[in-house]
1. Scan around L41 for amide H atoms under 5 Å from its own, H built in the peptide plane at 1.01 Å from N, and keep only partners 5 or more places away or cross-chain.
2. Straight-line reach from K66: which aspartates and glutamates have Cα under 20 Å away, leaving out those fewer than 8 places along the same chain?
3. Against the longest principal axis of the chain, how steep is helix 122-131, in degrees 0 to 90 to the nearest 10, with axes from Cα atoms?
4. Nearest 500 deg cm²/dmol is fine: what mean residue ellipticity at 222 nm does the chain get from its DSSP H runs of n ≥ 4 alone, each adding -39,500 (n - 2.57), divided by its residue count?
5. With angles folded into 0 to 90 degrees, how steeply does helix 50-62 sit against the dominant principal axis of the chain? Use alpha carbons for both and round to 10.
6. Amide H to amide H, which residues 5 or more places from V149 or on other chains are under 5 Å from it, using H placed in the peptide plane?
7. Please list, or write none, the aspartates and glutamates whose alpha carbon is within less than 14 Å of the alpha carbon of K86, excluding same-chain residues fewer than 8 places away.
8. Under 20 Å from the 7 Å Cα→Cβ point of A158, by amide nitrogen: which residues of segment 74-88?
Amino acid sequence: MPRARASRLAAIIPWPLGPPCGFSLMKTYVAKPTDRRRDWLVVDAEGQTLGRLATRIADTLRGKRKPEYTPHVDTGDFVVVVNAEKIQVTGNKLEQKRYWRHTGYPGGIKSRSLAEMLDRRPEEVIRKAVKGMLPRNRLARKQLTKLKVYAGPDHPHAAQKPQPMEID
């Protein structure tokens with residue numbers, strides 16, 4: 001039964017024990033883009049495990065840790081990651097984990113190990129890990145732009161006054 005009819009029936013028919021099954025008198029909160037509040041958070045990646053850190057960052061970018069989370073609205077926060085070059089992994093991932101790319105030419109497949117990626121572009125390691133934990137759609141591509149990763153301890157976002165993000 002449509003919600004409007006249910007509310008009219010609630011006004012007409014008194015239900016002493018509550019509405020019958022199938023009726024809902026509660027309103028569901030849906031966030032609007034104008035209602036969102038975006039905070040800036042800073043994360044120190046030194047000594048953190050790559051996958052666990054990327055999971056926390058992906059959830060924060062989507063806004064899943066907020067009570068006003070709505071799946072189709074960008075309610076997440078900005079995340080600044082510093083010391084990306086000091087990230088840790090478990091096991092033999094430094095030598096065994098490969099990052100693949102293609103040049104676009106026939107036979108142009110290239111690969112690098114995680115150790116090589118950390119030497120060349122440590123920011124890309126965290127960005128790719130977080131990107132893999134986001135859904136594959138336009139909203140997630142927009143949310144990924146709120147991730148700022150820096151190899152060293154300094155970042156240019158001091159004017160936004162980022163708060164430290166707590167990592168369990």
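Laboratory data are not the source of any read-out in this text; all were calculated from the coordinates shown. Note that the structure is predicted; figures quoted are calculated from it, not measured. Cβ atoms come from the backbone with ideal geometry, glycine included; neighbour counts cover every protein chain shown.
1. F78, V79, V80, Q163
2. Filter leaves D35, D39, D74, D77, E166, D168.
3. For helix 122-131, the angle is close to 30 degrees.
4. -8500 deg cm²/dmol
5. The helix 50-62 is inclined about 40 degrees to the chain.
6. Hits under the 5 Å cutoff: V81.
7. Output for K86: D44, E46, E116, D119, E123, E124, D154.
8. Hits in segment 74-88 for A158 at 20 Å: 79-84.
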